[in-house]
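The structure appears right after this line, and notes come after that.
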Amino acid sequence: MVQRRLQRVRPFCLAVIAFLGIGTLVGCTSVGATSATNTSVRVAYMANLTHAPAILAVDQDYLSKALGDRTKLDSKVFSAGPEIIQALFSGAVDLAFVGPSPTISGFTQSHGQALRIIAGTTSGGAALIVKSGINTPQDLKGKHLATPQLGNTQDVALRAWLKQQNLSADAQGGGDVSITPQENSQTLETFRQGQIDGAWVPEPWASRLVLNGGGHMLVDESSLWPDGKFVTTQLIVRTEFLKDHPDLVRKFLNGYLQAMNAINADPATSQQVVNGALAKLTGKPLSDKVIQTAWPRLSFTVDPVASSLMKSARDAESAGFVEKVNLKGIYDLDLLNAALKAQGKPAVEDK
């Protein structure tokens, strides 16, 4: 059941959370820290195609218009999910588009207090790309792979898949397969230079490793899930912000739904708009071939595909990134479902 009454988040000290990539934080802070005024809403996302609805919503002003003239949208671009959770923990971010593994880690480490999932964003769009000559899982023994960041969604997915293939990989880069966390842009270069043998990455980087790096797809992650559906990106909110400002969250969701409707109604135009926004964010647009290859591998939906989250949680637990997983209360879909009902659309579930 959706948790309908939110408790105020208790202040606590943030220790070193190695798997989130968070260094030692000095002193104590409230996870629910918020600005003294309500004149801004701070949202985090990444410059990946798996965040396309967020990119479109920000670039085309769907969110800022929905929030109104009295509230400023402050958007922040991050390179990996664990960094986003760090920002949310410190009170620097109110809402965020992020993958399941960092979300699970943040929820678990805060004892269910720090965040809530309020909508889905993207299903699919992740793959293991490898160099020529690697054609089976066993060909990976002794090889060197990369992921975007230790403990991020693709990192956990790779480690879970390797375990199923009876291949070991530890957090220090040892085992049958060595895994090095690095930024996606760096991964493309190290792959080209032969410093790594492959990478489990989100789009557009999977397509770029194939088209620009000469690799081939060994594993399409969608093939590992029932009906090919699994959560890649979702929308989360800082719990105290949701409690204190449900009106702003409701407005944000209304703008977000408009963006989601637009991206699914006209995929061709949306590709161009998102690519133009990526050019502004990264300094260079994707080639037409890359975006046309990557886009069909993505499904943009407000459904959080909750059924896939528990497996992601078990995988994170198995990889040693969380000690014990209890996801009770992680979803709060009431505002989303109210907005969907107003549009005459069916509700989404938290199970």
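The values are calculated or read from the model by the stated rules, or taken from the named source; none is laboratory data. What you are looking at is a predicted structure, and each value in this text was computed from that prediction instead of being measured. Counting neighbours? That spans all protein chains shown, and the Cβs are built from the backbone with ideal geometry, glycine included. With ligands, DNA and RNA removed, areas are computed over all heavy atoms of the protein, side chains included. Shrake-Rupley method; radii C 1.70, N 1.55, O 1.52, S 1.80 Å.
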So which aspartates and glutamates pass the test for residue 229, namely a Cα distance under 19 Å, with those fewer than 8 places away in the same chain ruled out?
155, 203, 220, 221, 303, 315, 349, 350
CD proxy at 222 nm, helix term only [per DSSP H run n ≥ 4: -39500 (n - 2.57); per residue of the chain; nearest 500]
-11000 deg cm²/dmol
At a probe size of 1.4 Å, how large is the accessible area of residue 327, to the nearest 10 Å²?
20 Å²
quick note, the chain, DSSP beta bridge pairs, % antiparallel (nearest 5) is 60 percent
Determine which lysines satisfy two conditions relative to residue 163: a Cα distance under 17 Å, and not lying fewer than 8 residues away in the same chain.
141, 143, 311
One quarter of the C-alpha convex hull surface, i.e. the mean projected area of segment 39-192 in nm², amounts to 10.6 nm²
Before anything else, pin down the relative contact order of segment 249-351: Cα pairs under 8 Å, at least 6 apart, normalised by residue count, whole percent.
29 percent
Which one of 144, 178, 123 is farthest out on the positive end of the charge dipole of the chain, using unit charges on Cβ (Lys, Arg +1; Asp, Glu -1) and the Cα centre as origin?
123
Lys and Arg at +1, Asp and Glu at -1: neighbours of residue 128 with Cβ under 10 Å from its Cβ sum to -2
Scan the chain and note any complete DSSP helix (H) whose C-alpha atoms cover at least 18 Å along its axis and whose Kyte-Doolittle average is -0.5 or more.
246-265, 267-282
Could you work out how far the C-alpha centroid of segment 257-329 sits from that of segment 100-150, in angstrom?
12 Å
Which label belongs to the value computed from this structure, given these candidates for Cα extents along the principal axes in Å: [x] 122, 40, 35; [y] 56, 45, 36; [z] 96, 58, 46?
[y]
Straight-line reach from residue 72: which lysines fall under 18 Å, measuring Cα to Cα and dropping same-chain residues less than 8 apart?
251
Evaluate the charge dipole of the chain about its Cα centre and quote only its size in Debye, nearest 20, assuming +1 on the Cβ of each Lys and Arg and -1 on the Cβ of each Asp and Glu.
560 debye
Would you tally the net charge around residue 154, using a Cβ to Cβ cut-off of less than 12 Å, leaving residue 154 out, and scoring K and R as +1, D and E as -1?
-3
List 240, 183, 317, ordered by accessible area with a 1.4 Å probe, largest first
183, 317, 240
Segment residue 311-residue 138, extension gain: residue separation times 0.36 nm, minus the distance between their alpha carbons
59.9 nm
Rounded to the nearest 10 Å², what accessible area does residue 260 have for a 1.4 Å probe in the complete protein model?
10 Å²
Have a look at 245, 51, 216 and tell me which one the Gaussian network model of the chain (Cα, springs below 10 Å) gives the largest fluctuation.
245
What dipole magnitude, in Debye to the nearest 20, does segment 231-338 give about its Cα centre under +1 on Lys/Arg Cβ and -1 on Asp/Glu Cβ?
260 debye
Between residue 247 and residue 163, how high is the FRET efficiency from 1/(1 + (r/R0)^6) when r is the Cβ-Cβ distance and R₀ = 30 Å? Nearest 0.05.
0.10
Over the chain, what is the relative contact order in whole percent, taking alpha-carbon pairs under 8 Å and six or more residues apart?
26 percent
